[in-house]
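The values are calculated or read from the model by the stated rules, or taken from the named source; none is laboratory data. The shown structure was predicted, so the numbers you read here are calculated from the model rather than taken from an experiment. FYI the Cβ positions are ideal-geometry reconstructions off the backbone, even for glycines, and counts take in every protein chain you see. Surface areas here come from the heavy atoms of the whole protein model, side chains and all, with no ligands, DNA or RNA. Shrake-Rupley method; radii C 1.70, N 1.55, O 1.52, S 1.80 Å.
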Amino acid sequence: MFKAPRGAADVLPSEQRYWRYIESNAVAQCSLYGYHRIDTPIFEDAGLFVRTIGQGTDIVEKETYTFQDRGESLLTLRPEGTAPVCRAYIEHGMHNQPQPVKLYYFSSIFRYERPQSGRYREHHQFGYEAIGEADPALDAEVIDMAWQLYGSLGLTGLSLVLNSIGCRECRPRYLETLKRYYSEHLPQVCPDCRVRYEKNPLRLLDCKQESCQPVAGAAPRTADYLCAECSNHFASLQKYLGALGIALQVNHRLVRGLDYYTRTVFEVQPQEEGAQSTIGGGGRYDGLIQELGGQPTPAVGFATGIERIVLNLKRQNVEPPRTPSPSVFIASLGEAARSESVGIAGALRKSGIGALQGLGGKSLKAQLRQADAWGASFTIILGDDELRQGVVLIRDMKGGEQRSVPKDKLVAELGQLKMA
RNA sequence: GUGGGCGUAGCCCAGUGGUUUAAGGCGCCAGGUUGUGGCCCUGGAGAUCGAGGGUUCAAAUCCCUCCGCUCACCCCA
């Protein structure tokens with residue numbers, strides 16, 4: 001027996017309403033903020049992700065699905081959404097469009113890791129990128145849109161965590177200070193942190209090991225080492241978020257797992273304990289486009305995990321709308337009635353009325369059971385008697401009343417009933 | 001990659017060595033009306049008891065190995 005590969009899952013019909021609910025709310029937000037959809041390939045040149053996400057990051061180091069195709073190109077299944085969008089921005093000369101260029105996507109994301117609740121090898125993200133503008137008001141807008149999206153979905157108790165991790169100019173100075181500070185505390189710190197110290201010092205800050213908390217908590221703060229521009233940017237952003245009425249908490253230990261972020265980084269976190277602490281995150285990445293060979297271009301973006309939103313919707317008992325089933329069921333008895341019923345079903349659908357037929361020559365009882373199981377509002381009954389008289393029976397499934405209607409009036413009649 | 005929990009029908013699960021030809025519930029199918037649903041009643045289909053090996057007169061039940069699922073860590077969405 002074949003099973004879905006580890007960490008990959010079917011989204012079954014019964015789950016779809018969550019997904020469609022999220023998607024339609026997200027699309028609605030996108031149009032309010034002027035974003036246009038982009039779809040990028042599911043795989044990219046492997047180098048794209050190494051260049052952008054960073055050589056020392058976990059994603060690149062141990063989580064990518066990378067393979068050689070038959071033409072010996074080295075390809076990687078997309079492990080995140082931003083780099084491909086930036087690649088497309090450059091490849092299609094979007095710097096010639098009015099800036100910022102605002103793009104959104106829904107895409108599957110692949111990371112090779114041990115699956116657990118809210119974490120899969122294939123998962124799906126909704127994300128958006130605003131490319132070509134450095135104004136902190138744009139950062140605020142990006143954050144606002146994320147916040148509005150969660151709100152529109154009915155999620156509550158989320159918190160917005162914000163930090164600035166500086167830019168190419170001021171971050172090296174900060175990292176030096178951080179390393180100097182940690183060098184004195186290395187013996188007290190967990191083994192992982194000793195590795196981070198060498199490979200990715202920023203990550204020292206968000207170590208969750210109990211033993212590292214005192215050291216990390218007292219560490220120098222990025223915000224205290226920002227250059228004047230970064231500092232102003234961060235201050236303005238907070239002011240704008242205030243103007244939007246968005247409550248945020250600055251967390252000096254928030255850093256993100258991808259190397260390309262500059263200045264603004266933020267995450268949205270649900271209250272619930274345990275499981276995955278982040279539902280969505282993003283930030284500014286002013287160096288990324290240039291890193292990929294484009295003009296120096298500032299940009300800011302956000303991405304959120306669909307599976308994690310679904311998880312939280314369920315935890316909070318949010319009920320997305322159910323997709324309606326066809327409201328008319330046609331039960332027929334005998335072959336003559338059957339071919340009549342095929343025609344009726346077709347006519348109903350042509351006039352926009354969803355219709356299902358009883359199939360397989362089942363008894364009327366069985367067909368009514370089926371109609372009930374489908375939740376049909378009306379069942380049309382058609383047998384030899386009705387055929388002879390040129391009528392059909394319309395049965396109201398709610399109360400069980402039924403009456404006969406001339407065959408040629410059926411479509412009009414049902415149209416009326418549906419209105420009522 | 002590391003650690004914990006768990007694997008009995010589509011789903012939830014009883015059964016911890018011998019009346020088990022593996023029970024029950026949900027769901028599915030059919031019948032209870034000569035052409036009438038939802039409730040009820042009756043019947044039916046559906047399980048190589050995760051896989052392989054071992055112990056035993058006897059294994060779903062004990063032992064070993066493997067596989068899978070799940071939760072957590074790392075990290076992230």
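Looking only at segment A:1-20, which residues are open to solvent by 40 Å² or more (accessible area, probe 1.4 Å) and in contact (Cβ under 8 Å) with a residue 12 or more places away in the chain?
Listed by number, the residues that qualify are A:P5, A:R6, A:A9, A:E15, A:Q16, A:R20.
Could you count how many residues in segment A:344-393 are more than 10 Å from RNA strand B (Cβ to nearest atom), over 27 Å from A:T323 (Cβ atoms) and in a helix (DSSP H, G or I)?
0
Only residues that are closer than 11 Å to A:E307 by Cβ and open to solvent by less than 50 Å² (accessible area, probe 1.4 Å): list them for segment A:111-121, please.
Those that are closer than 11 Å to A:E307 by Cβ and open to solvent by less than 50 Å² (accessible area, probe 1.4 Å): A:P115, A:G118.
Do the conditions hold for A:A366, that is, is it over 17 Å from A:V411 (Cα atoms), open to solvent by 10 Å² or more (accessible area, probe 1.4 Å) and under 42 Å from the mean Cα position of the chain (by Cα)?
Answer is yes for this residue.
For segment A:38-58, what are the residues that are within 16 Å of RNA strand B (Cβ to nearest atom) and more than 24 Å from the chain's Cα centre (by Cα)?
Hits for segment A:38-58 are A:Q55, A:G56.
Of all residues in segment A:294-304 being open to solvent by 30 Å² or more (accessible area, probe 1.4 Å) and touching a helix residue (DSSP H, G or I) at 6+ places or on another chain (Cβ under 7 Å), which is farthest from RNA strand B (Cβ to nearest atom)?
Checking each candidate, the answer is A:Q295.
If I ask for residues that are over 31 Å from the mean Cα position of the chain (by Cα) and either farther than 18 Å from A:F378 by Cα or assigned to a helix (DSSP H, G or I) (or both), which ones from segment A:293-343 would you list?
Once the filter is applied, which keeps residues that are over 31 Å from the mean Cα position of the chain (by Cα) and either farther than 18 Å from A:F378 by Cα or assigned to a helix (DSSP H, G or I) (or both), segment A:293-343 yields A:G334, A:E335, A:A336, A:A337, A:R338, A:S339, A:E340, A:S341, A:V342, A:G343.
If the Cβ limit is 7 Å and pairs must be 6+ apart or interchain, which residue in segment A:259-273 that is within 19 Å of A:S231 (Cα to Cα) pairs with which residue that is within 11 Å of RNA strand B (Cβ to nearest atom) and among the basic types (K, R)?
A:V265/A:R256
When you scan segment A:59-112, how many residues do you find that are basic (K, R) and either outside the structural domain of A:I38 (by TED's automatic domain parsing) or within 14 Å of RNA strand B (Cβ to nearest atom) (or both)?
Qualifying residue count, segment A:59-112: 3.
Just checking, how many residues over segment A:28-55 are among the aliphatic types (A, V, I, L, M) and farther than 30 Å from A:R196 by Cα?
4
Which residue, of A:G400, A:G358, A:G383, A:G390, is within 40 Å of the chain's Cα centre (by Cα) and not aliphatic (A, V, I, L, M)?
A:G358
Only one of these is near RNA strand B (Cβ under 10 Å from one of its atoms), assigned by TED's automatic domain parsing to the domain that holds A:W19 and among the acidic types (D, E): A:E291, A:E307. Name it.
A:E307
Which members of segment A:322-349 meet the condition of being among the basic types (K, R) and either in the same structural domain as A:A373 (by TED's automatic domain parsing) or touching a Gly at 6+ places or on another chain (Cβ under 8 Å) (or both)?
A:R338, A:R349 - these are the residues of segment A:322-349 that are among the basic types (K, R) and either in the same structural domain as A:A373 (by TED's automatic domain parsing) or touching a Gly at 6+ places or on another chain (Cβ under 8 Å) (or both).
Does any residue of segment A:259-280 turn out to be open to solvent by 30 Å² or more (accessible area, probe 1.4 Å) and away from RNA strand B (no atom under 15 Å from the Cβ)?
Yes; the residues of segment A:259-280 include at least one that is open to solvent by 30 Å² or more (accessible area, probe 1.4 Å) and away from RNA strand B (no atom under 15 Å from the Cβ).
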